[in-house]
Structures are given as structure tokens and as C-alpha cells.
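Participant: Please see the structure below; I have some questions.
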There are 2 protein chains.
Amino acid sequence: MTFGTVAILGPGLIGGSLALALAERGLADRLVIYSRKDATFPEIKKRIPQVHLTTDVVEAVRGADVVVLCVPIETMAGLVKQFADVLKPTALVTDVGSVKGSVDREIAPLLADKALWIGSHPMAGSEKAGFDVARADLFKSARVVLARSDTGTPSSTSKAIERAEALWGEVGGSTLIMTPHEHDEYVAHISHLPHLAAAALVNSTGPQYFSIAGTGFRDTTRVASGPPDMWAQIGLENREKISEAIAGYMQQLQILKDLLDQGNESGLREELQKAHDSRAEFLQQSK
Amino acid sequence: MTFGTVAILGPGLIGGSLALALAERGLADRLVIYSRKDATFPEIKKRIPQVHLTTDVVEAVRGADVVVLCVPIETMAGLVKQFADVLKPTALVTDVGSVKGSVDREIAPLLADKALWIGSHPMAGSEKAGFDVARADLFKSARVVLARSDTGTPSSTSKAIERAEALWGEVGGSTLIMTPHEHDEYVAHISHLPHLAAAALVNSTGPQYFSIAGTGFRDTTRVASGPPDMWAQIGLENREKISEAIAGYMQQLQILKDLLDQGNESGLREELQKAHDSRAEFLQQSK
């Protein structure tokens, strides 16, 4: 199968990896990549010789069957406004943003009656950013959340879901449908909170202790090496749910601190056992 | 070079890995492993055919040039009391416990005038436990803290340090000398706090969100799969310093939460940038 003409807007880690995956598997008759700047074009051309590269977003989406927004969340709506009118009515537009509520509220109305729309969030990535670290197998075994629009606009139809499922499925992902609201609550807990928890851990530890830090510290803080701009933006977009998640996290830390202060070894063991067993369940689920 | 007769007390992940490393490199003329129970003996014998196995700790240390305590911290002193009188006066006794202050206070007096003593803490490990996951290269590039006794007992001499440096160096580690007190403050921040932070993260998230958890959550919480008994014990042994570290960590989380609640994107970006840069420094140092 192929998805016809696929336009990928933004060749960063996620957009670049999607382009590589589509190219490697021959899933696009025509593959177009838009970037605001052409600095990365030589490198992209080297890895994907057949790609069409452009800095003109209207040219990029013209005639496209699938358009994937892989640009920073805050720039998405502005971009969609530029090209909404040239979209094929049968085109599927989706994105890869880490927050779905605000994106859906902005994008769904812009695309109503102009194209099919559904938000996507592939739960794949790296603490590194950019096309340099893009790879064709990034989505292998990755969960991809499809955020079925609950804005009341008619664009997020079963047809859109079906095609988005096919797209992510063909590059190795497994999809899951949620509302944007549900998605944002989920990622606040399992993605955004861990990012901020890792950053806080690095900041509270500080370089004076690094000389003996080992693999435990390395792994626990890995995501703190993610791009600060992107994560500040994600944080703000999903601030209410993340703030709640941090509050809940601090309660759990307080429980552990109290048990330590009381010298309550059995209580501490119980909490650690709960975490141990719960994580075993996570590993089981993510097999 | 060889270290003569080496007795390893406790063939878990660390003790087992040390035995494998010594055997693989031919660093012991005679390698003895003591375990309280003989259940793992067939498996050990299979991987290290030349090993001498015993459940009698006095027999294990008799004539040993190096004795390494790899048993749980709370059982160390009881074990040392059993065998202190049969030690060769030139023997080096060390341990691999994750806390050094309490261990040193207990063990150093028991060994004064009976053997050389210095505490060790190899910053290597895994969230998995037991001889099954032991491997000869566990200490490759690992930091090993040598805790120079500050109890005033004469056992922790430069001779002890020199031999402990050689031992860990030959199996791939790089040593660093601290006082037990300094060590415990360091590990409270870069090992014990990350463990409790990971456990709290799993407990505050909960299985209802696991369906979309990806590699970020997996890595951030990896150490929460460590043995609950061992970590409860470590936590209690180093409770004061860990409690302080948790308090400092919660302050950092509160800073991030406040920035989110205020919608302060630039402030949030600054904090994330600080963590990003600080972690880059850690990666640089641990190269």
C-alpha cells in the first residue's frame, strides 16, 4: 500500500524519522518535506534522495493526500492558516504534538470542511533533537495516541481515524484512541511529569556530586537533556494537568520522607514494594 | 598480578560480578565464595568451575588475603564478629555497601589490629538482583568510592587504600577517596534520592496511565524496580541525608510548579536550560 503524496512539515527528530520510515518502506508515491529554513536540506537529500524539499508550505501541501504537522506546537495554527485553503478535501491532516487539547481546539475549526483532521501523538522520541538523530525505526513498537476531536467540528471522522491508524501502523506503531482531554491527563503523568521530575532532580543535585554518579542517575535524569524550549512550551500548553501531577508527586515524596524521618523501615519497604510491583506491571504491559 | 586468596562473602549481583571478574582475569590464586545458603552453588560452579564454595564463613576467610563483604548492610557486623579472630593480620577486608558511615562505625572497631579495613562502594549495579544477573564487566568504567575511615581506628591505612585501589582498578573501576560522611552525602543525592524519586513517580502515576508510557517513563523509573528490602534498608541507614535531599528536591519541584501556575514560560525555560546544561556537564564528567 501507499499513502499517495505525503507532506511532512518540519524535519526534526519526529518528522525526519517519519519521512525516513515512509521512504524506507515505499509508503509514499511522493514525499514532500517543508522546513522554514533550508539549512538541513543537503543532509535530508543525502539520506532520502527521492524527497521533494521546499521552504514554501503552500507548495508543500498542494495535492497532498496526507499532511503531518511536525513543527513546534505554538507555530502549528499559523501554518495551517496559510495552507488550509489549498488542501484537497480528502486530505488527512494530523500532527505529532505532545499536547492534544490546545492543538485540537485551535486546529479542528481551521480544517472543518476543508480536510480530514485528527491529532496524533507518537510516544517515541529521544532527549536529542533534529534530523541528525532521526531514524527509520523510531516508531517501532511505539504507542501512538490518536486524539479524536471533541470540539464538535465534523472533521475528525472515522475515515480520518482509519487512515491515521494505517499511517502509524505501517511505520511500526500501535494506535490508541482517546479524547484530547484524556490524552493530556495521561501524558501529564507519564511523560511531562517525568521530564520535570528529571530536571528538578538534576537541579537539586548539582555538579558538585556528579563525580560518583552512575547509571542510576544517568537513566533517571536522561530526559532532562531534552530541548528546553520545546519542553517549556509543552509544559505551558498542558500546565493545569502537569501542575496537578506535580502536586500528587510531591505528596508521594512527602510520604517517603515521613517514613524516613520516623525510621519506619517496614512502611518504607511497603511503598518501595508497591512501586516495584507497579513497575513490573508497566513492563508487562509495554511488552 | 594476583591478589592471592580472595574470599567473597555473598554471591549476589555485586559479589557474583566481582567473583566473575576476578576469575576471568586470573586475579585470584584461590577464589572462595561464602553464601548463607547453598541454593545458588550449582549455578556458581557452572560459571566459575575453579571456585571454592562454602556456607561456613570462618572456613571462607581462613587464610584469605582479601575478604569482600557483599552481604546486606545490616548483616555485615554480625558476620565480621564471627570471623574477625581467624583473619590473617595482613588481610584486607572491604565491603560493597551503599552506605558507608554506619558500616564504618560498626566494622572499623571490630577489625582494629586484626586486619586492614577500608569501606568500598562500587557505583555499579542494576535494578535486578542475584547471581543470575552477575557479569564480569559490571565494574568496567564504574566509579568506586573508597571510604577512608574517620573513626580514629588505625586499620584504614594507606596500605589498605593502595590494595583496595588495585583490586577495583584491576576489575575495571576507577577509585575515588572520600570520608564515609562525604560518601553518604554524595550518594544521598546521586543514588538514594533518584531511587526514591523513581519509586514516588511510579506510585503517583499508577497503572491506569501505563498504556501509553514510553521510553521516557521507562528510563526515569528504571531504578524503582530495585529490590525493595535492600533499598528500604539503605534508606534507613542513610535517612538523615536522604531526608535532606528529598526536601531540596521538593523545593525544586515547587519552583517548577509555581512557574507553571504563573504561566511563566521564560522562567520555566531557564530552569529546564539549567538542568539541560548541568546534565551535559555530568555526561562530560562520566565519559
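The values are calculated or read from the model by the stated rules, or taken from the named source; none is laboratory data. Quick caveat: nothing in here was measured; it's all calculated off a predicted structure. Here the Cβ positions follow ideal geometry from the backbone for every residue, glycine too, while neighbour counts run over all protein chains shown. Just the protein is used for accessible areas: all its heavy atoms, side chains included, with ligands, DNA and RNA removed. Shrake-Rupley method; radii C 1.70, N 1.55, O 1.52, S 1.80 Å.
Participant: Condition (residue is open to solvent by less than 10 Å² (accessible area, probe 1.4 Å) and more than 28 Å from A:Q273 (Cα to Cα)) applied to the stretch B:151-158: is it met by at least one residue?
Facilitator: Yes, the stretch B:151-158 contains a residue that is open to solvent by less than 10 Å² (accessible area, probe 1.4 Å) and more than 28 Å from A:Q273 (Cα to Cα).
Participant: With (1) more than 11 Å from chain A (Cβ to nearest Cβ); (2) surrounded by 21 or more Cβ atoms within 10 Å (Cβ to Cβ); (3) free of Cβ contacts under 8 Å to residues at least 40 places away in the same chain as the list, and B:A164 as the residue in question, which single condition is left unmet?
Facilitator: Condition (3) is where B:A164 drops out.
Participant: How many residues are open to solvent by less than 40 Å² (accessible area, probe 1.4 Å) and of a type in the set (D, E, K, R) when one looks only at the stretch A:171-201?
Facilitator: Adding up the residues that qualify gives 1.
Participant: Being part of a helix (DSSP H, G or I) and over 27 Å from the mean Cα position of the chain (by Cα) narrows it down to one residue among B:L236, B:L253; which is it?
Facilitator: B:L253
Participant: For the condition in a loop (DSSP other than H, G, I, E, B), within 28 Å of A:A39 (Cα to Cα) and open to solvent by less than 50 Å² (accessible area, probe 1.4 Å), what is the one hit in A:V99, A:V93?
Facilitator: Being in a loop (DSSP other than H, G, I, E, B), within 28 Å of A:A39 (Cα to Cα) and open to solvent by less than 50 Å² (accessible area, probe 1.4 Å) holds for just one of A:V99, A:V93, which is A:V99.
Participant: Still on this structure: Could you check the stretch B:204-233 and list, in sequence order, the residues that are open to solvent by 30 Å² or more (accessible area, probe 1.4 Å), over 18 Å from A:K287 (Cα atoms) and at the interface with chain A (Cβ under 7 Å from one of its Cβ atoms)?
Facilitator: Within the stretch B:204-233, B:D229, B:W231 qualify.
Participant: Same structure again: Could you list, in sequence order, the residues of the stretch B:30-48 that are surrounded by fewer than 20 Cβ atoms within 10 Å (Cβ to Cβ) and touching a strand residue (DSSP E or B) at 6+ places or on another chain (Cβ under 6 Å)?
Facilitator: Narrowing the stretch B:30-48 to residues surrounded by fewer than 20 Cβ atoms within 10 Å (Cβ to Cβ): B:30, B:36-43, B:45-47.
Of everything in the stretch B:30-48, those that are surrounded by fewer than 20 Cβ atoms within 10 Å (Cβ to Cβ) and touching a strand residue (DSSP E or B) at 6+ places or on another chain (Cβ under 6 Å) turn out to be B:R30, B:F41.
Participant: Sticking with this one: I'd like the full set of residues that are farther than 24 Å from B:Y186 by Cβ and either within 13 Å of the chain's Cα centre (by Cα) or more than 14 Å from chain A (Cβ to nearest Cβ) (or both), limited to the stretch B:129-149.
Facilitator: B:G130, B:F131, B:D132, B:A134, B:A136
Participant: Tell me which residues, restricted to the stretch B:63-83, are at pLDDT 95 or above, part of a loop (DSSP other than H, G, I, E, B) and over 24 Å from B:K159 (Cβ atoms).
Facilitator: B:V71 - this is the single residue of the stretch B:63-83 that is at pLDDT 95 or above, part of a loop (DSSP other than H, G, I, E, B) and over 24 Å from B:K159 (Cβ atoms).
Participant: Can you tell me how many residues within the stretch A:256-279 are at the interface with chain B (Cβ under 7 Å from one of its Cβ atoms) and either part of a helix (DSSP H, G or I) or open to solvent by 70 Å² or more (accessible area, probe 1.4 Å) (or both)?
Facilitator: Within the stretch A:256-279, residues that are at the interface with chain B (Cβ under 7 Å from one of its Cβ atoms) and either part of a helix (DSSP H, G or I) or open to solvent by 70 Å² or more (accessible area, probe 1.4 Å) (or both) number 15.
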